[in-house]
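The values are calculated or read from the model by the stated rules, or taken from the named source; none is laboratory data. Keep in mind the model is a prediction, meaning the values are calculated, not measured. Reconstructed Cβ throughout: ideal geometry from the backbone, glycine too, with neighbour counts over all protein chains shown. Areas reflect the complete protein model, heavy atoms only, side chains present, ligands, DNA and RNA absent. Shrake-Rupley method; radii C 1.70, N 1.55, O 1.52, S 1.80 Å.
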Amino acid sequence: MIIVRAFWALVLCVLCAAGAGAATPVVRGEPRMAPMNIAREMETVRLPVSGPLDPEALWSAPGGMRLKDAAAWDLRAGERWVGRMSLGGSRGVEEYVVQVPMPQVDHVRIWWRSSGGEWRMAEAGDRVPLSRWPFANPFPAFLLSVGVEPIDVVLAVENDAFLRAPVTLLPDSEFRENLVRRASLSGVMMGLGAMVAIVCVLGAIGYGGRSRWMLAGVSLWTLFGIVAANGYLTVWFTGEWPAFNDWSRSFAGIVLAGLMLLLCTEALDALHVRRFERLLALAAPVVALVYAIVQVAWLPTPWRVPAIVVASAISVLGSAALCAVNHLRGGRHAGWVAGAIASMAIAPFVAFAAPDQVANLDLRAAVLAASLYVALLFIRQALMLRDRYGRDVLGRAATAANRDPLTALWSYDGFQQRHAEAALREAAGQGTSSVILFALPGLDNAAIQYGSAATERALVRFAATLQGLLGQKWAVARVSRTRFAAISLRPLTPIELADCATQVLAHCSRIAQPLNLVSDFDLRMACSRRRIADTPMPELLRELKQAALALDYRKRIVYLQPMPAAALAETPVTAS
């Protein structure tokens, strides 16, 4: 009987020892292994966040609710997830990295020790200043040196809002390689955001208007939100502001939702947007800003994630409703705004999708950034089409009436008709016609140097100058991109022709804004008094063009027909 009792006591001790050994899993690393999800491998317990942080107690008897087969840790407010394991290498001293690849996690602590040694500790997270991190990184990561003998590892993670956080183990060499790839991907996305912002800002500067300035501001705010979301704002600028890093992401997201609703409304056809709809859109960013401030100052932290979801849903649904109503009322370009709204709708789903790794990269931030950038570009296109609509309508009407779409002067076809009318007047014995060609050989260089917008404004001003000075006595036309021409509607004396050319040159010399018409456009004039019927119009224009381009750089006016000496003596033909 004593022997039987001793046997069962021995079996019980063996089973207890086996159970104790199985209680702490042993993870063996390999130098070339792929990233391992150790959330499944560790013994994981869920504890109240107010509990003590004693590594010895967490290692020996952590208590709490034990969890099994957790592919990722579902962190919630008031909870602390603790995992423990023994980590060993395969040969010699090797270095491994334990990481929690979530930039928004609040606090991560890790303790480790060799067999019988003292516990060492490191920490990182949104609420930890960057100077206390083991090394600068967009998300918490810890470097561990492991020999053949396993080391004891305890990991504690907490977050005040819901967050699904994976925990991975990988060799240091693999971590550095992945870090370079992550940095390259983030750099590309932030570079795209910067380019979108620059394009929008330059459009606002070049064309002006409330809508374009609003688009520029929203694009800059979007870039700020993306940099804050992927963790590089903390690495570069705000590493020592843990409180700011903690609330900046939710603040940026809520305000961006209100701004996007206003921007989509602004991009719709204004003729079909009612007053109360515009006031509702104007109130959206104000309400979003006020709520974001109240959220940061007084409301519980767990409300941040639901607030972003609700704000995004209201922004997308509200924008979609306004777009649909605008389209049904006959609004133009609503399709581009609908494309922007569809791209915006991707953002909430991507932001809260499962953190699955693709090629060891978390692509959620990249897809989120791309969807927002595409939405901004769709809205920019809608604004461009809306701004050009009136100009395109007038341009088509002007073309149908033989007018130049930009300057509203006669076009080439219109000038050809005026040339035929002058030939008929000559045949009726009403005198000889006069022609002036205005050549602008420096126009293309000015467009490259100063931009097309400034060049077009200068051309319109030049056309207005010609029309104002020559008045109703001339038919003024833009016969090509760099040439203007004028044909007199009544006979002029040589002195009157010279006076007209001189007045144009003198007036253009005094115009310096937006461009200097004489020096920047290299204005040159060729004048002629002749029988129009004797020379076809293309030949006449070609002859005048050759004469104007052959001028010395110090001269601006050339006369192709002999004129009386008195007229030439009284007519200045050069300009500085």
Next on the checklist: I need the Kirkwood Rh of the chain: take the reciprocal of the average 1/r across all distinct C-alpha pairs and report it in angstrom.
Outcome noted: 30.1
Checklist entry - What percent antiparallel are the DSSP beta bridges of the chain, to the nearest 5? => result 90
Next on the checklist: Just to make sure I understand: if all protein chains stay in place, what is the order of 493, 222 by accessible area at 1.4 Å, largest first?
Outcome noted: 493, 222
Checklist outcome for this item: The answer for the net charge of residues other than residue 79 whose Cβ lies under 15 angstrom from its Cβ, with Lys and Arg +1 and Asp and Glu -1, is +2
Checklist entry - segment 95-126 to segment 484-523: how many Å between their Cα centroids? => result 79
Item to check | FRET efficiency, residue 71 to residue 324 (Cβ-Cβ, R0 45 Å, nearest 0.05) | outcome: 0.65
Next on the checklist: Test of understanding: given the chain, find the longest segment containing no GluC sites (Glu not before Pro) that are in a DSSP loop and have at most 15 other Cβ atoms within 10 Å.
Outcome noted: 241-576
Checklist entry - Counting Lys and Arg as +1 and Asp and Glu as -1, what is the net charge of the other residues whose Cβ lies under 15 Å from the Cβ of residue 520? => result +2
Checklist entry - Ignoring ligands and nucleic acids, what accessible area does residue 181 show with a 1.4 Å probe (Å², nearest 10)? => result 80
Item to check | Nearest-0.05 FRET efficiency for residue 299 and residue 60, computed from C-beta distance (R0 56 Å) | outcome: 0.90
Item to check | Amide H within-cut-off set for residue 122, under 5 Å, with H built and near neighbours excluded | outcome: 110
Checklist entry - To the nearest whole percent, what portion of all C-alpha pairs in segment 141-264 is separated by more than 17 angstrom? => result 71
Checklist entry - What number comes out for the charge environment of residue 157, summing +1 per Lys or Arg and -1 per Asp or Glu over other residues with Cβ under 14 Å away? => result 0
Checklist outcome for this item: The set of residues whose placed amide H lies less than 5 Å from the amide H of residue 137, leaving out same-chain residues fewer than 5 positions away, is none
Checklist outcome for this item: Taking every alpha carbon pair in segment 417-576 and sorting the distances into 5 angstrom bins from 0 up to the bin holding the longest one, the percent per bin comes out as 2, 9, 19, 22, 21, 14, 8, 4, 1, 0
Item to check | Of all accessible heavy-atom area on segment 188-313, the percent that carbon and sulfur account for (1.4 Å) | outcome: 79
Item to check | Full-stretch length increase - residue 509, residue 276 - with 0.36 nm per residue and alpha-carbon distance subtracted | outcome: 78.8 nm
Checklist entry - Rolling a 1.4 angstrom probe over the protein heavy atoms, how many square angstrom per residue are accessible across the chain? => result 47
Checklist outcome for this item: Answer check: segment 82-133, Cα atoms, Kirkwood Rh, Rg/Rh ratio of 1.01
Checklist entry - To the nearest whole percent, what portion of all C-alpha pairs in segment 224-311 is separated by more than 20 angstrom? => result 44
Next on the checklist: Could you compute how much accessible surface residue 409 exposes when probed at 1.4 Å, giving the result in Å² to the nearest 10?
Outcome noted: 10
Checklist outcome for this item: On the accessible surface of segment 115-168, probed at 1.4 Å with all protein chains in place, carbon and sulfur together account for a percent value of 50
Next on the checklist: Please report the accessible area of residue 272 (heavy atoms, 1.4 Å probe, ligands and nucleic acids excluded) in Å², nearest 10.
Outcome noted: 50
Checklist outcome for this item: The correct ranking of 560, 271, 466 by accessible area at 1.4 Å, largest first, is 271, 560, 466
Checklist entry - What number, rounded to the nearest 500 deg cm²/dmol, is the helix-based mean residue ellipticity at 222 nm of the chain, given -39500 (n - 2.57) per DSSP H run of at least four residues and division by all its residues? => result -17500 deg cm²/dmol
